[in-house]
1. Residue-wise, which Karplus ³J(HN,Hα) couplings in Hz belong to region 203-213, taking 6.51 cos²θ - 1.76 cosθ + 1.60, θ = phi - 60°, and x for glycine or proline?
2. When a/c reaches 1.5 or more, the comparison of a/b and b/c decides; with that in mind, is region 143-211 rounded, prolate or oblate per its Cα gyration tensor?
3. Can you give the accessible area per residue of region 179-248, in Å², using a 1.4 Å probe?
4. Which value, in debye to the nearest 20, describes the size of the charge dipole of region 302-355 about its Cα centre when Lys and Arg Cβ atoms bear +1, Asp and Glu Cβ atoms bear -1, and nothing else is charged?
5. Suppose every K and R has +1 on its Cβ and every D and E has -1 on its Cβ; what is the size of the dipole of region 78-164 about the Cα centre, in Debye to the nearest 20?
6. For region 73-121, which whole percent of the accessible surface, found with a 1.4 angstrom probe, sits on carbon and sulfur atoms?
7. Considering only protein heavy atoms and a probe of 1.4 Å, how much of the accessible area of region 308-357 is carbon and sulfur, as a whole percent?
8. Just check region 235-309 against the gyration tensor rule for me: Cα atoms, a ≥ b ≥ c as the square roots of the eigenvalues, rounded for a/c under 1.5, and otherwise prolate or oblate depending on whether a/b exceeds b/c.
Amino acid sequence: VNTVNQHLASANPSVQWIGGTDGHLQLIDQTLLPQQLSYVACHDVDTVWEAIKSLRVRGAPAIGIAAAYGVCLASGAAPPGQAAAAAQCAAEHLASSRPTAVNLFWALDRMTSVIRDRSWSEYTLAEALLAEARQIHNEDRQMCHAIGRHGAALIPAQATLMTHCNAGGLATAEYGTALSVMFTCQDQGKRLHVFADETRPLWQGSRLTAWELTRRGIPVTLICDSMAAHVMQTRKVDAVIVGADRITARGDVANKIGTYGLAVNAKHHGVPFYVAAPSSTFDLQMLHGSDIPIEQRSRDEIIAPHGRSIAPDGIDVYNPAFDVTPAELVSALITERGVIHQVNVESIAQHFRQNSPKPAHT
Ligand code: MRU
């Protein structure tokens, strides 16, 4: 294992719980990267809600982990006799922060199950909640590494890859999903060159993905989103790899706005289009991608980046944060359990039936 990658992964965790049941949550403030690597300390639920809403912490798995710890903050601070009610109220509040990534609701459901499990006394609930949040965090770390191993097997010894948004260590407990595949390839000595889409309107590609790849010494070329088709037409791109915010039972994939266009382009140019995501990103209760709630964000993100107006006053703006790529355009799904090559409702159901229900814990 490449020690530089391991060191970087553990040196700056995007999400970290400091202390015991009376502790607090520490997040990398991702809105300040790449100029500034600094942390925001969350001592109450409202600060966690704001951090998720404003993308200080972002990426589907990371917001689930942060929300789980947010529930711990509420139970830890509650007066005697009110820990369960406070934790339940926090879970409901945090669920309103962002609508698309199912990992948020998956993590909060797990925390709610602990609250409802009446075997905990009022005195041990905070401990039980913190143990569950740590477990969610640790499972994600393990799932990311397993995704990297399964995905790396799909990538040749020398490869040019393309990615969109940020599905790296910042977006997860560690290593990431799409970027975990790249880091694992690098750990294995494969030679990569990555084209990173800048990812308008919030530049997760240029601010975060380019930063993560550069720090690990993976050659990366930054392009505007609108250049992706041209790059596929004129250079040999071996594969596109992206993460996901929600994958339905039939394999439709919600991910950062622009992903669908990339998948259409990849199909046209015969480039494999891989989606890497842990099982916590699958919403097997939902069949069709058209049912996935798509977050609509502020007009200011488009018309006034960095506070500077770039459009006429009063212009009509549409700012969906995610789009849905139909299963038919996905060459394979990479999960912690393996690779689903033919993406459809049967293969996905079989994948989750056949493979172990939970990742191994350390
Ligand atoms: O709005 P964001 O930055 O939270 O969107 C994130 C993405 O779209 C990621 O690709 C996705 O959450 C996967 S992160 C492993």
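The values are calculated or read from the model by the stated rules, or taken from the named source; none is laboratory data. All of these numbers come straight from a predicted model, not from anything done at the bench. Note that each Cβ is placed from the backbone with ideal geometry, even for glycine, and that neighbours are counted across all protein chains shown. Just the protein is used for accessible areas: all its heavy atoms, side chains included, with ligands, DNA and RNA removed. Shrake-Rupley method; radii C 1.70, N 1.55, O 1.52, S 1.80 Å.
1. Whole-Hz 3J(HN,Hα) from phi for region 203-213: 6, 4, x, 6, 6, 10, 5, 4, 5, 5, 5.
2. oblate
3. 35
4. 240
5. The calculated dipole for region 78-164 is roughly 240 debye.
6. 59
7. Taking all protein chains in place, region 308-357 shows 50 percent carbon and sulfur surface.
8. Cα axes put region 235-309 in the oblate bin.
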